[in-house]
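The values are calculated or read from the model by the stated rules, or taken from the named source; none is laboratory data. Keep in mind that what you see is a predicted model, and the values were worked out from it rather than measured. With ideal geometry, Cβ positions are generated from the backbone for all residues, glycine too; neighbour counts draw on all protein chains shown. Remember, those area values only see protein heavy atoms, side chains included, never the ligands or the DNA or RNA. Shrake-Rupley method; radii C 1.70, N 1.55, O 1.52, S 1.80 Å.
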Amino acid sequence: MRILHGCFGEVDILGLLCEGELLLLLNITGYSISKLKQTTLTAAMEDSLPLHSKQVHKFSIFINRSHALLNCIAISFLIHYRLSFLFQETKTSPATSLPWLLVFASELLLSFIWFLGLAYRWRPISRTVFPERLPGDDKLPGIDVLICTADPYKEPTLKVMNTVLSAMSLDYPPEKLHVYLSDDGGSSITLLGLRAASNFARWWLPFCKKYAIKTICPGAYFSALEEEDYGDHPGSNHLEFLAEKRKIQEKYEAFKEEIIQAREKGENEDKGMSKSRDHPSVVEVIQQNGNEAIGDQIKTPILVYVSREKRPSHLHHFKAGALNVLLRVSGVMSNSPYILVLDCDMYCNDPTSAKQAMCFHLDPNISPSLSFVQFPQRFPNISKNDIYDSMLRSFYWITGPGLDGLRGPVLFGTNFYIKRESLYGNSIHKGVDPTELKSSFGTSYELLKSLRVHNIPRIDSRVFSSPLLQEAKVGFRYRSLVEDYFTGFRLQCLGWKSVYLSPARPQFLGTPTTNLNDVLLQSSRWACGLVEVAFSKFCPLIYGPLRMSLLLRMFGAEFAFFPFNCFSLWCFATIPQLCLLNDIPLYPQVSSLFFNIFVFIFLSALLKHLYEVLASGGSIRIWRNEQRIWMMKSVTSYLYGTLDAFLEKFGLTEASFLPTNKVDDEEQVKRYQMGEFDFQTSTMLLAPLVTIIILNMAAFACGVYRMIFTGYREKMLLQVLLSFYILIMNYAVIEGMILRKDKGRIPPSVTLLSAFISVVFFSLGSVILNIGHILGLLCEGELLHHLHITGYSISKLKQTTLSAAMGDSLPLHSSQVHKFSILINRSHALLHCIAISFLIHYRLSFLFQETKTRPATSSPWLLVFASELLLSFIWFLGLAYRWHPISRTVFPERLPGDDKLPAIDVLICTADPYKEPTLKVMNTVLSAMALDYPTEKLHVYLSDDGGSSITLLGLRAASNFARWWLPFCKKYAIKTICPSAYFSALKEEDDGDPPGIDNLEFLAEKQKIQEKYEVFKEEIIQAREKGENEDKGMSKTRDRPSVVEVIQQNGDEAIGDQIKTPLLVYVSREKKPSHPHHFKAGALNVLLRVSGVMSNSPYLLVLDCDMYCNDPTSAKQAMCFHLDHNISPSLSFVQFPQRFYNISKNDIYDSMFQSFYRITGPGSDGLRGPVLFGTNFYIKRESLYGYSIHKGVDHTELKSSFGTSYELLKSLRVQNMPKINSRDFLQEAKVLASCAYENNSKWGEEASICAVKKVGFRYQSLVEDYFTGFRLQWLGWKSVYLSPARPQFLGTTPTNLNDVLLQNCRWSCGLVEVALSKFCPLIYGPLRMSLLQSMFCAEYAFFPFYCFSLWCFATIPQLCLLNGIALYPQVSNSFFNIFVFIFLSALLKHLYEVLASGGSVGMWRNEQRIWMMKSITSYLYGTLDAFMEKLGLTKASFLPTNKVSDDEQAKRYEMGVFDFQTSRMLLAPLVTIIILNMAAFVCGVYRMMFKGEWEKMLLQVLLSFYILTVNHAVIEGMIVRKDRGRIPPSVTLLSAFISVVFFSLGSVFLNMC
């Protein structure tokens, strides 16, 4: 255990042994026991202080993640805009579909690559090392330095030798340093130069050692740039130093002269060799370790020249092949455990780099799994503004630290210290026989022998269990031109880690590319190599094994897919411009809210890049240059590199590797330093750039002209700005085309060629767009589609159009978008979504952290998390109706004359005269008859589902009173057309008093009518007494026949001022217990059939029996939509809100449904319209009949849908309402009202998901209104929500807790029935509905599921609080603010909605409370009922809401006092939760005050406090109150017992876990 402790630090060894982690750790790293002992010994000799430290970039993390979230949300809005055909009726014109799709695909591709790049921005870190804490030189491991060169003409020999000399001068024991130079060109120049360098090293190395020289590259040291490095070692004489320096400088000049001579001599030798492309392998030891001691007895490292054999018939694999040769050669010559790889032009700039790397490699905590330490590339000759982005600032300053925060970077091609074992793979396991070793490493005995040295650890064989990984790969990987990236990626796949170290002083300096030609060719090679990986079986998104995290795979994929930016950039630089020239907009107008989304995404990307450049020490000019060169590379290098990779994949070309030219042209360097582009490159690279610039210049000029002279500012602005941005960023190309005359300009021939290409592209593109437009016109078929959906025949359409033509030319209605509400709603949604994502991140922290949540809290933690997700899911669905709320205004005065108005049938349903008082029902009937509508076109049907004589007698009395009431309302223009409301004290202000009427006459007439009304009320009382006796006689049997009676025929007799009365019909359908009657939906379908044969009006008004008409103009207001030929063909119904006249001041039971009617209604109207609300809607009969009434449908098919009634089938063919004697159809109507009529028909039934031959109001759910409305919208129908200032309908609402909870229980059951059925809106809706509309309907269906979340939040945190278990972040944790924000955000948003809709803070508090009460009781029981019904354990039941008010209950309601006179089943859950929260709150306060747990328990205590505060009425009912409306003590005792049982069982469960 002591050995393990010394090796691995403070580690729970027993825990590791139990979990198997120790064995895994040792296996992964390949450590043998002997190696473990050796490492332990090394660790024991170290200083106890750490060798390195790391710093997390917290501010960058905050900026990066915040930007990522905002940009992701904005991109989702962009996708929503592009997928607008899912959300809108009209689709994008075919003329713009092709470019629109191309632009959308480009946006998706760009977003995808950006999203992958989030990986290395997730957790950037930086590192600091302490090399002074390393053990002595005798304990340091050996290092082999591998340097590759290929062409002495492109890579000058002097630069290569300076790199070699700098590597030999590292501050490291020379006997442990071995330098190998690979000359892939096999040139004598390089060999001769290396010999000369070996001679100069005998002087240079002692000088550097003696005076502690930092700049150990002689070429850099003796340059003017490095004069400040005087060495001035303590104890040395300055004059002596200067003399020594002058002496060494002379030696260096002699060395340079030798290089020049070597070049001349080597050129002659190479000419002799040029006859043959074959050359043998050459290995020469130039300098052996300490061959002779010189100077101050400084030894020199081993120096070896290697030139591998080359034959055209053999693959040489470019740089990877050269490195593998050096790996093998060094393996048999020095076999150092660590390797430094350098490019030939990348010299060492700091002698301590080796020791800095060893600070990681010798740290036993990370060394076993550490493959390499990567240093960044730096360049000394970068111009001020870096016009070619040669510094690769974003890569080394942003990507590097970001990757280090994951598992480490991949290889960058140079400047890395790598462990040899990681390159040897799994073939060196102990026990592997020589045959297998030979198959991996070849037949060299010395190389195989070197593998058996004890300091070669083993790699975990379990890493290679995947079939893809059983490949015993050794060395640097081939298969790609970017061998560095591919090798690094494969090492990480095998479980190795890496480190990125970027000290203040650059450890390595090199030569950048300083002309456009080399930049583009180099980038093309890199692009080809990356795409090779992307299209291979090693594609990071597919190949990443289990050992790689998702973020690491994303990073690997971002590298591989980065060249695909070329497709997006080409599209953005050409397609919008082509469309601009052809007057086709591809982006939203300025007035559209989505305009801001596109602007935000664009500016967000630019500003984020600007921030990164400035944060890494750059400037605005550097940022601009990076933007420009990225565009240039994308449209040239990335495109050609990608195409090369494609061609290579298909075997059409072979990979080629041209080393980057390191020879500087003086004129090019001069232009580079001046910040001028050098366009001396091939036409193939220039033509795309110039073509794009010319096309954008033309598009910009055309766009500006259109905006100034044709007023197209709105729709073309974004395309014009895009062209302007491209031109501004690439002004250097325009300058090279037009202004410049020097050698670095763009040749005129290229400009002419590009202009020709631009013209050809414009011509062909315009032809394609115009062909698309013509085909689009030919394929236009939307009108026929609309006619098919709505069931309108051509003659019907003509009739509707004619009616509209007869009206006023002004519009019949208008709509107003609630822009401020949209801003508030979307802003809140955005912020809330971000906060929820942080909450999810917190809850899913086990995916991001090493340690997992302790098992004791896992069960309640998961329950709370599931509840948070459910709550967030339902809230998210509710965003649909907050997305685009609108309100409407109508102009009924613009309607055509009464003779041109369509007829209306009014359908009213009642069921129980004892729960629904007959007087209220008759007042509703009278108000419907008094509508300001032609009486001959108005027909009122009352369905009495209770079959009571009381209702029939009352209707006859109402018919008599109507003969007086209707003329009075007509004569004096009475607005309140419900007599009981009119004659109440509340309505005294409605005196009618039209012009020309004497007030005394009016008052006398009013008194007369009031006396008639009192007589009418007396008749109702008598009818009740008489009917009760008759009903008692009928109660012996539950069966009853259908009854249809015409109470009043249209204009039976003219009365008063010759005012006719509407048709009035009483219907009581047949009832038999053996037949399902489908509750209200069944009653409405009976009325639909009966009215179809008696009046057959094209429009229907559906009313609840207690919902009277409060405005006589409601019918004409609805007709303003139904008679508008622009929307009428697809309009099913106009829905008015429900308003209630018996609401108390603060509405303690939320009976007004403020949020529903003031928020949901306008919000749903901004989509496709609301669903049905059960009452107060004018619906088109055709929409309820379905498509079965189309012309051409045969008689048999009609019978299968509508039943066998000949009269009903005949009415389907009638285009206008027939004038019939309704009494002639009474017998037929009774048949239609019978139980058996619906058998073998389609009335209300749904046989299959795709079936649309359904007729009438839909069954399958207790909420027939919601389900029918949802199905109509699924079939393509629209609806309208109209909420005028004056309520059109007024009714009564429950005023006691019992009725409220029972009513909500029934609704919940019905909604969950839909959610659990095959018609679930989230599954069934998107087939033919927009996503937002499907979300809106789904929010309805899933709303009762709030019960699960509320039950969890009201019990689980409290139980954990009592047991001392924290479920929420501590106050000091930043996520504490997230939870507080989400909570307050939800509360304040609800408060805003209540206040904005005319409510008060007291009303808001009551809505919060009643929502909790409903969730805990009604929603729970309703949901359970639906589940049990689904399982066949119960049957659906429908109890009409009680409309009879108890005086004492009404009094308490008006006082704002809760009435708890309801069943224990409803009260016990409420009281149980309150008791549990009281106990939890007291316990929590105790823990915070006396145990100091306020940090971790505060949120749970506040949650209990909030529940208790909002539900103070329940506490008051339990403890304070003594009246009849209190909570019975027995319920309190029962609830206390349940609370104790719950606490006991919960505590036992938590302790067991």
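Structural remarks
- Test: residue in the stretch 237-248 that is in contact with a helix residue (DSSP H, G or I) (Cβ under 7 Å, 6 or more places away or on another chain), within 22 Å of Leu194 (Cβ to Cβ) and at pLDDT 90 or above: yes
- Of all residues in the stretch 598-634, exactly one satisfies the criterion of being open to solvent by 20 Å² or more (accessible area, probe 1.4 Å), among the hydroxyl-bearing types (Ser, Thr, Tyr) and at pLDDT below 90, namely Ser619.
- Of residues in the stretch 1200-1222 being more than 16 Å from Val1086 (Cα to Cα) and charged (D, E, K, R), the one modelled with the lowest pLDDT: Lys1219
- Some residue of the stretch 1486-1500 being modelled with pLDDT under 90 and acidic (Asp, Glu): yes
- Only one of the numbered conditions (1) part of a helix (DSSP H, G or I); (2) out of contact with any Phe, Trp or Tyr (no Cβ under 9 Å at 6 or more places or on another chain); (3) open to solvent by 20 Å² or more (accessible area, probe 1.4 Å) is violated by Leu191, and that is (2).
- The stretch 1089-1147, residues that are β-branched (Val, Ile, Thr), open to solvent by less than 10 Å² (accessible area, probe 1.4 Å) and not in a helix (DSSP H, G or I): Val1102, Val1134
- Some residue of the stretch 371-393 being open to solvent by 20 Å² or more (accessible area, probe 1.4 Å), in a helix (DSSP H, G or I) and in contact with a helix residue (DSSP H, G or I) (Cβ under 9 Å, 6 or more places away or on another chain): no
- Total residues in the stretch 1384-1416 satisfying the condition of being part of a helix (DSSP H, G or I) and touching a residue at least 40 places away in the same chain (Cβ under 8 Å): the figure is 22.
- Tally of residues being open to solvent by less than 10 Å² (accessible area, probe 1.4 Å) and among the charged types (D, E, K, R) across the stretch 110-121: 0
- Filter pass, Ser53 being modelled with pLDDT of 90 or more, in contact with a Ser or Thr (Cβ under 6 Å, 6 or more places away or on another chain) and over 30 Å from Leu603 (Cα atoms): yes
- Qualifying residue in the stretch 1322-1333 (condition: small (Gly, Ala, Ser), on the phi < 0 side of the Ramachandran plot and buried (at least 16 other Cβ atoms within 10 Å of the Cβ)): yes
- The stretch 51-72 - residue that is part of a helix (DSSP H, G or I) and hydroxyl-bearing (Ser, Thr, Tyr) and, of those, surrounded by the most Cβ atoms within 10 Å (Cβ to Cβ): Ser60
- Within the stretch 1153-1169, the set of residues being closer than 13 Å to Gly1269 by Cβ and at pLDDT below 85 is empty.
- Top-ranked residue of the stretch 309-337 - restricted to ones that are hydroxyl-bearing (Ser, Thr, Tyr), within 26 Å of Met358 (Cβ to Cβ) and not in a helix (DSSP H, G or I), ranked as least open to solvent (accessible area, probe 1.4 Å): Ser336
- Number of the condition not met by Thr352 [criteria: (1) closer than 21 Å to Pro135 by Cβ; (2) modelled with pLDDT of 90 or more; (3) open to solvent by less than 10 Å² (accessible area, probe 1.4 Å)]: (3)
- Of the residues Glu714, Glu667, the single one that is in a helix (DSSP H, G or I), farther than 30 Å from Asp345 by Cβ, among the acidic types (Asp, Glu) and in contact (Cβ under 8 Å) with a residue 24 or more places away in the chain is Glu714.
- Tally of residues being open to solvent by less than 10 Å² (accessible area, probe 1.4 Å), outside any helix (DSSP H, G or I) and more than 27 Å from Lys1145 (Cβ to Cβ) across the stretch 1283-1319: 1
- Filter result for Val1485 (open to solvent by less than 50 Å² (accessible area, probe 1.4 Å), more than 29 Å from Asn1298 (Cβ to Cβ) and of a type in the set (Val, Ile, Thr)): yes
- Hey, Thr1462 under 27 Å from Glu868 (Cβ atoms), touching a helix residue (DSSP H, G or I) at 6+ places or on another chain (Cβ under 6 Å) and either among the polar types (S, T, N, Q) or open to solvent by 50 Å² or more (accessible area, probe 1.4 Å) (or both) or not: no
- Condition check for Tyr1368: within 27 Å of Leu1467 (Cα to Cα) and open to solvent by 20 Å² or more (accessible area, probe 1.4 Å): no
- Qualifying residues in the stretch 394-430 (those that are among the charged types (D, E, K, R) and assigned to a loop (DSSP other than H, G, I, E, B)) - the one nearest to the chain's Cα centre (by Cα): Arg407
- Single residue of Val1541, Val1471, Val1501, Val1514 found to be surrounded by fewer than 19 Cβ atoms within 10 Å (Cβ to Cβ), in a helix (DSSP H, G or I) and not basic (Lys, Arg): Val1541
- Of the residues making up the stretch 122-160, those that are closer than 30 Å to Ser53 by Cβ and open to solvent by 50 Å² or more (accessible area, probe 1.4 Å) are Trp122, Arg123, Thr128, Glu132, Arg133, Asp137, Asp138, Lys139.
- Hey, Tyr640 at pLDDT below 85, of a type in the set (Ser, Thr, Tyr) and either in contact with a Phe, Trp or Tyr (Cβ under 8 Å, 6 or more places away or on another chain) or assigned to a helix (DSSP H, G or I) (or both) or not: no
- Candidates are the residues of the stretch 1474-1498 that are more than 38 Å from the chain's Cα centre (by Cα) and in a loop (DSSP other than H, G, I, E, B); the one that is farthest from Val1380 (Cα to Cα) is Lys1491.
- Conditions (1) farther than 19 Å from Leu722 by Cα; (2) open to solvent by less than 50 Å² (accessible area, probe 1.4 Å): number failed by Phe595: (1)
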